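Down below is the structure, laid out as C-alpha cells.
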Amino acid sequence: MTYFCEYSFFMSDFFKNKVVAITGGTNGIGKALVDALIQSGASVATCSRNQDTLYDLQVAYSDKTLHTLVCDVSRYEDCKNFIKTTIDTFGGIDILINNAGISMRALLEDADIDVIRKVMDTNFYGTAYCSKLAVDTIIKRKGTIVGVSSIAGYRGLPGRTGYSASKYAVNGFLEALRTELMGYGVNVMWVCPGFTSSNIRNAALNNKGIVQKENPMDENKMMPAEECAQHILNAIEKRKRTLVLTFTGKKTVFMNKFFPAWTDKLVRNFYYKGNDLVK
C-alpha cells in the first residue's frame, strides 16, 4: 500500500503497470489524477492545448513513464492522434479518463451561439471522440472509460446553459455506452465532483467566448482537486457506475430528483441577487 499526498487516502497496487490516458491533465482535477497515478506506478498519457504546461509536466516527471501531447479535444483529428500515439507508446489503454472541459458564465439572451457550440464541442464531443477512438483497446483489456461530468449534468444551472447541456449529454452518452459494453467486461463511469477547486471557473467563457479570468466563487471553501482525484481513483478501482461528490452535490441531485420545483427556487436564490446573476 502506498500513501499519497496530505490527504488520508491509501492507494492499492491496482493501477501499477496499467496504462491510463487522461485528457486535460495539466491543471485541476486532471493534474491531480496524473500526479496520483504516476505515484501509483501507472503508465500515464495526457494531453492539453498548452505546450508550456505539458513541458512543465514532462520536466517534473522526467524519470517516470509519461507520454504527453498537445491536443484540442474539440478536434477529432487531435483526439485521434492522442489515442494513437498513446497506444503506439504503451501498447494499449486500460483506462480512459475524459477530463478535459471548459465552462461558461453568461445568460442565454446575451451569449453568442458560438459560445455554446464551443462548450459542447469540448465537453461532449471531446468525450465522444476519445471514447470512440479508444473503445477497441479498452474492450480488449476489459478496461474502464470514465467521464468527469458535473452536478450541472443532473441539474441545469443559470448562466451555464451550454455547460449544463454538455454535461447532460455526457451523462447520457456514457450511460448508453455502459449498457452497450456490459457484455464485454468493460466498466463505464461518470463522475460529478460538485464544487471542487480547479481552474475551470477562472477559465469560464463570457458571452463573447472570451476567458473571464475571474471567479465569483470562493475556491478555498471547495474540495481540493487532490482529494477529488483520490475519490475518482477509488471509484475506478471498485468499478462503480457513478460518483457524486460533496454534500452540496449529493443534496442538489437528491433535491432535483424528488423536489424539482423547490430546487428551481433554491438554485435561483443561490446564483442570483435580485435579477442579477452574481455567481
Among the residues of the range 146-169, is there at least one that is over 13 Å from the mean Cα position of the chain (by Cα), basic (Lys, Arg) and in a helix (DSSP H, G or I)? no
Mind checking whether some residue in the range 162-170 is at negative phi, surrounded by fewer than 20 Cβ atoms within 10 Å (Cβ to Cβ) and not aromatic (Phe, Trp, Tyr)? yes
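Conditions tested, residue by residue: (1) hydroxyl-bearing (Ser, Thr, Tyr); (2) out of contact with any Cys (no Cβ under 9 Å at 6 or more places or on another chain).
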| residue | (1), (2) |
| --- | --- |
| Lys64 | no, yes |
| Leu69 | no, no |
| Val73 | no, no |
| Glu77 | no, yes |
| Arg105 | no, yes |
| Arg117 | no, yes |
| Ile139 | no, yes |
| Gly147 | no, yes |
| Thr161 | yes, yes |
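So if I check each of Thr86, Thr137, which one is over 30 Å from Phe270 (Cβ atoms), at pLDDT 95 or above and touching a His at 6+ places or on another chain (Cβ under 9 Å)?
Values: Thr137 fails: touching a His at 6+ places or on another chain (Cβ under 9 Å).
Of Thr86, Thr137, the one residue that is over 30 Å from Phe270 (Cβ atoms), at pLDDT 95 or above and touching a His at 6+ places or on another chain (Cβ under 9 Å) is Thr86.
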Scan the range 204-226 and report the pairs whose first residue is farther than 16 Å from Asp110 by Cβ and in a loop (DSSP other than H, G, I, E, B) and whose second residue is at pLDDT below 90 and polar (S, T, N, Q), with Cβ atoms within less than 6 Å and a gap of 6+ or a chain change. Asn215/Asn202; Met222/Thr196; Met222/Ser197; Pro224/Ser197
Based on this model, can you work out whether Lys132 counts as at positive phi and more than 16 Å from the chain's Cα centre (by Cα)? no
For the range 74-93 the number of residues that are part of a loop (DSSP other than H, G, I, E, B) and either out of contact with any strand residue (DSSP E or B) (no Cβ under 9 Å at 6 or more places or on another chain) or closer than 11 Å to Ile22 by Cα (or both) is 3
Specify which of the listed residues (Asp56, Asp72) is acidic (Asp, Glu) and loosely packed, with under 15 Cβ neighbours inside 10 Å. Asp56
Determine whether the range 39-53 contains at least one residue that is assigned to a helix (DSSP H, G or I), touching a residue at least 24 places away in the same chain (Cβ under 8 Å) and either touching a Leu at 6+ places or on another chain (Cβ under 7 Å) or under 19 Å from Ile87 (Cβ atoms) (or both). no
Answer yes or no as to whether Lys142 is in a loop (DSSP other than H, G, I, E, B), modelled with pLDDT of 95 or more, more than 28 Å from Lys265 (Cβ to Cβ) and more than 18 Å from the chain's Cα centre (by Cα). yes
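The values are calculated or read from the model by the stated rules, or taken from the named source; none is laboratory data. Given the structure is predicted, the values throughout are model-derived calculations rather than measurements. Heads up, the Cβs are rebuilt from the backbone with ideal geometry, glycines too, and the neighbour counts pull from every protein chain shown.
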